[in-house]
Amino acid sequence: MKHWFHRAPTPPRVRREPRVVPRPDAMPRFGRMASALPSGARDGLRPYVPPPGVRGAGALAMDRALSGVHDWAGMGLGDGDGAFGDALGFVGYPLLAQMMQRAEFRKPVEVIAREATREWVRITTPETDTPDDALVARMAQLRAEMRRLRVREVLRRQVIHALGFGLGHVWPDMGQALSSVGQGTPLVIGPNGIARGAIRRFLNVEPLWTTPDSYNADMPLRPDYFCPRAWWVQGTLVDASRLFSMVPFEVSDIFKPAFNFGGPSLTQMLRTYVHNFLRTRQSVSDLVSNFATKVLKTDMAGAMGDGDGTGPAQVDTDSLTGRVEAMNAYQSNHGTFVIDRTHEDFDIVATPLSGLSELQAQSQEFMASIPGIPLVKLFGIQPAGLNASSDGEIRVFYDEITAFQEAHVAPVLDRMFRMVQLHLWGEVDPRLDFAFVPLWQMDDAQRADIDHARARIDALRAAAGVAPTKGHS
């Protein structure tokens, strides 16, 4: 014991940083780094795990490279109290599907999807050419076939999936076998890839039933870097060319595996604002229901007894609570309170209700600001005040929808547009194209003013010996 008290102090231990040695036969990189990352970062970088049965037999294990990059990225994400506390990571398709059942999440998605396909498209030809009868007949046939294949409805549902889940797929049914052999071959949109009468239908596939099989994660200079080459669809391997995908909000490459190669959904981005609104709405409702507090000023000494005479005086709780319950029973406007004239008094303390409507309206405006939808479109709330109008906000919203159409709807529609032509005629007519019909439409008075102005211009041009402008005569 003497020597134990006088032994030499132990030198401090030098903390060594663990070395990460990647192994070719190891599990995916997200799993290897799991023990070294905080819980929030682990959840944010963990790859998406599909339901049982989505990945078929022989599925490849990806993400064997770049483990050091994701270790470094994970260390910089925080411990879950910051970014991932706000649900910036992927929250999962079951939760997103549940959120879509609530009107506050569903309505913005439905409004954008409906507006993006409401006026639809018109089939166009070059302005320098005058369509002949054969071309006019082809345009009518193309419109009828797109209507039969429900292209407009399919794209509307794809926008709902893309905004609601972060990813939307459209699959063309070409008659091939529903197996990995029939669906695993690339789809060539050309005369040698699509025969006449080959298209049976276009089908929406929810992202829940899909997951990538393989992708290039080694060389960023290759065009297929972090682009799936094939997808598993409920156990069937489908070539990536056979799934027309839409991702409105793309994420960084390091997060693509975690988001199932989609992106954050509009519902997920609205989550914080919707919860704030629901909390504010409930608080306002509770305050309106209990804005007044009744105060009974009574003689508390008279409600006290001496107990057994040895201890301090005690409150007669039965008498006091009975008195309060009696007053609560007559709290309506038809009741009458009876109080002691000498020892009691009664008062009401009311909470001011002014400003509650502004607080609730402000929380609604926050919900509308994220999707950029005017209040009159999203909630049916008209602007208040003299000469107040929503025309300016609606025109800005229509500009946003036009940009959304060109960025996300047009790439998918272009492939379907060419496929339908091959399906009808075995070729793609270079004279045919499509254009989205503008959402902002003129009323009859505005059209009459424009026609009148054009007529005056044509009359002046005719008097000057100049041919009238094309389309004005």
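Do we find a residue being farther than 28 Å from Q176 by Cβ, among the charged types (D, E, K, R), in a helix (DSSP H, G or I) and at pLDDT 90 or above anywhere in segment 229-244? Talk me through it step by step, then tell me what you get.
Let us first name the residues in segment 229-244 that are farther than 28 Å from Q176 by Cβ, namely none.
No, segment 229-244 contains no residue that is farther than 28 Å from Q176 by Cβ, among the charged types (D, E, K, R), in a helix (DSSP H, G or I) and at pLDDT 90 or above.
Looking only at segment 392-410, filter to residues that are in contact with a strand residue (DSSP E or B) (Cβ under 9 Å, 6 or more places away or on another chain) and without any contact (Cβ under 8 Å) to a residue 40 or more places away in the chain; which one of those is least open to solvent (accessible area, probe 1.4 Å)?
For segment 392-410, the residue satisfying everything is A410.
Of all residues in segment 281-328 being open to solvent by 70 Å² or more (accessible area, probe 1.4 Å), closer than 30 Å to Q364 by Cα and β-branched (V, I, T), which is modelled with the lowest pLDDT?
T293
What number goes with the only condition from (1) in contact with a strand residue (DSSP E or B) (Cβ under 9 Å, 6 or more places away or on another chain); (2) open to solvent by 50 Å² or more (accessible area, probe 1.4 Å); (3) in contact (Cβ under 8 Å) with a residue 60 or more places away in the chain that F202 does not pass?
That leaves (2) as the condition not met.
Counting only residues that are assigned to a loop (DSSP other than H, G, I, E, B) and open to solvent by 40 Å² or more (accessible area, probe 1.4 Å), which one in segment 248-262 is farthest from M416 (Cα to Cα)? Break it down stepwise before answering.
We begin by selecting, within segment 248-262, every residue assigned to a loop (DSSP other than H, G, I, E, B); these are 248-252, 256-262.
Then drop every residue that is not open to solvent by 40 Å² or more (accessible area, probe 1.4 Å), which leaves 249-250, 252.
On the way: F249: 22, E250: 22, S252: 28 Å.
My answer is S252.
State which residue is farthest from E206 (Cα to Cα) when the search covers only segment 107-144 and only residues that are of a type in the set (K, R) and in contact (Cβ under 8 Å) with a residue 40 or more places away in the chain. Break it down stepwise before answering.
Filtering segment 107-144 for residues of a type in the set (K, R) gives 107, 114, 118, 122, 138, 143.
The next check asks that each one be in contact (Cβ under 8 Å) with a residue 40 or more places away in the chain; those that pass are 107, 114, 118, 122, 138.
On the way: K107: 19, R114: 18, R118: 22, R122: 28, R138: 33 Å.
Checked segment 107-144; the qualifying residue farthest from E206 (Cα to Cα) is R138.
If P172 passes every condition in (1) within 24 Å of S241 (Cβ to Cβ); (2) in a helix (DSSP H, G or I); (3) open to solvent by less than 70 Å² (accessible area, probe 1.4 Å) but one, which one does it miss?
(2)
Residues checked against (1) closer than 23 Å to I401 by Cβ; (2) in contact with a Leu (Cβ under 7 Å, 6 or more places away or on another chain); (3) part of a helix (DSSP H, G or I); (4) open to solvent by less than 60 Å² (accessible area, probe 1.4 Å):
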residue: Q98; (1), (2), (3), (4): no, no, yes, no
residue: E110; (1), (2), (3), (4): yes, no, yes, yes
residue: V136; (1), (2), (3), (4): no, no, yes, no
residue: G182; (1), (2), (3), (4): no, no, yes, yes
residue: T185; (1), (2), (3), (4): no, no, no, no
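The values are calculated or read from the model by the stated rules, or taken from the named source; none is laboratory data. If you're wondering where the values come from, they're calculated on a predicted model, not measured in any experiment. Every residue, glycine as well, gets a Cβ built from its backbone with ideal geometry; the counts of neighbours run over all protein chains shown. Quick note on the areas: whole protein, heavy atoms, side chains included, nothing else; ligands and nucleic acids left out. Shrake-Rupley method; radii C 1.70, N 1.55, O 1.52, S 1.80 Å.
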